[in-house]
1. Evaluate region 323-333: report whether one residue or more is at pLDDT 90 or above and more than 23 Å from Thr174 (Cβ to Cβ).
2. Which of the numbered conditions does Ala119 fail, given that it passes all the others? Conditions: (1) in contact with a strand residue (DSSP E or B) (Cβ under 9 Å, 6 or more places away or on another chain); (2) open to solvent by less than 40 Å² (accessible area, probe 1.4 Å); (3) modelled with pLDDT under 90.
3. Got a number for residues in region 186-242 being more than 27 Å from Arg158 (Cβ to Cβ) and not hydrophobic (A, V, I, L, M, F, W, C)?
4. Please find, within region 262-276, the residue that is most open to solvent (accessible area, probe 1.4 Å) out of those that are in a strand (DSSP E or B) and among the hydrophobic types (A, V, I, L, M, F, W, C).
5. Note down all Cβ pairs under 6 Å where the first residue falls in region 86-97 and is touching a residue at least 24 places away in the same chain (Cβ under 8 Å) and under 15 Å from Leu66 (Cβ atoms), the second is part of a loop (DSSP other than H, G, I, E, B) and open to solvent by less than 60 Å² (accessible area, probe 1.4 Å), and they're at least six residues apart or on different chains.
6. Condition first: open to solvent by 20 Å² or more (accessible area, probe 1.4 Å) and outside any loop (DSSP other than H, G, I, E, B). Now tell me which residues in region 277-288 satisfy that.
7. Do we have Asp234 as farther than 29 Å from Ser87 by Cβ, charged (D, E, K, R), surrounded by fewer than 19 Cβ atoms within 10 Å (Cβ to Cβ) and within 23 Å of the chain's Cα centre (by Cα) here?
8. Which residues, counting only those in region 279-304, are closer than 18 Å to His261 by Cα and not basic (Lys, Arg)?
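The values are calculated or read from the model by the stated rules, or taken from the named source; none is laboratory data. Keep in mind that what you see is a predicted model, and the values were worked out from it rather than measured. Quick reminder, even Gly has a Cβ in these numbers, built from the backbone with ideal geometry, and neighbours come from all protein chains shown. For accessibility, only protein heavy atoms count, side chains too; no ligands or nucleic acids. Shrake-Rupley method; radii C 1.70, N 1.55, O 1.52, S 1.80 Å.
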Amino acid sequence: MILIVDDDKAIRASLSLVLRRSGHDDVKAVGSPQEALDAVRMRAPRLILMDMNFTAMTSGEEGLELLRKVKVLMPEVPVILITAWGSIPLAVEGMRYGAMDFITKPWDNRALLRSVDTALELSASHGDDALPASGKQLHPGIIGDSPQLRRVLDVVGRIAATDASVLVLGENGTGKELIAEAIHRNSRRASRPFVKVNLGGVSTSLFESEMFGHRKGAFTGAVSDRVGRFEMADGGTIFLDEIGDLDMASQVKLLRVLQEHTFEPLGDSRPRRVDIRVVSATNAPLEEMVANRTFREDLYYRINLITVTLPPLRERREDIPQLVRYFAACAASDNSIAVPKFSAGAMDILKGLPYPGNIRELKNLVERTMLVASKPLIDVCDLPPEALRAESTGNLENIERQAVADALRRHDGNLSQAAADLGVTRQTLYRRMAKYGLGR
């Protein structure tokens, strides 16, 4: 059952008709929060579409209260909020309480049904226990079998077939673009375009032209028509990389397109409608940026219906031998040379490096070592001197980190006792804990 909650009879009738015409026959519509709670207690809905206001007051408090109660009764049931464009801050507050998405009045039927289908598909995927055996099933460039990576691939495998917006988080060099490509390759949009945009490289003055396109003569220098990235991605997936670098003015323009799925090229007054899936990525701390008002909260919720966080390479070291062999084979093929082997000693050192540049750094290291050494067997002496120095430093830091962690564990987190055990001051212990990411 899909439950509609709205005090406007016309809206209830309209939503019911749209849903039934699209094949959702089991629809129930009620006009008040109390009727909604009664319906939920009688039968668990698959999805709830609910308004935020039920009286002449427009604070939305009734809607928020209903949402809180629904999430207590049935936390797994997805909720889509219905609100006016001017009440988007209210919808954002609702998403903090657990709503999955929001649509604005007047709604576009296609956008509404897309949101409904995505919510139902995601809800159904929660019961799917299938776990991808390897990243290669999703993308040939995703290498590794560590538990940390497999958890990521599990999420990707579950949500790829939906149209849910995805936010990929991770440090530079962790493979965010590969994950975005894997989501597209395993979606129903796989035969349509996958368009990549590095927002960090798009200036404010060129944002609209780059993303929405322009018509000849729209501005000085516009000597011909230009198709924007959104139009290129129509029917497929648009990958918005480095979205955390987007300035506030451009964030407003982007939000409108993601909300309405329409835009106007510069110099053209005719709106263009696009059918796109949005995958975004960043290494920026977006939650902190939202708190500091440097990233719009409504845009944040719009892009991260699903969040995928990639682990840094130092947290999945067991994948390094596979990655080394893969990069060696790729480099050998590119340079028409034999694939070398790496000695156990060389591999041990490669496994112990700190890798601030993550997988990208490992790839460059393997390729450079192969080309310089030009040997069938790469040994410790063939590794670059800076790698050997970093390995030595990294081992010392690993020893220190383990000593701090062991002291904290022995003394059940008592900092004074742990500091005394280590022979350092509490202030020094604080600094070591911060350095190695050890909580109290």
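1. Scanning region 323-333 turns up at least one residue that is at pLDDT 90 or above and more than 23 Å from Thr174 (Cβ to Cβ).
2. All conditions pass for Ala119, except number (3).
3. 22
4. Step by step, filter region 262-276, then rank; the result is Leu266.
5. Leu90/Met52; Leu90/Gly60
6. Glu287, Glu288
7. Judged against the criteria, Asp234 is a match.
8. Scanning region 279-304 gives Val279, Ser280, Asp298, Leu299, Tyr300, Tyr301, Ile303, Asn304.
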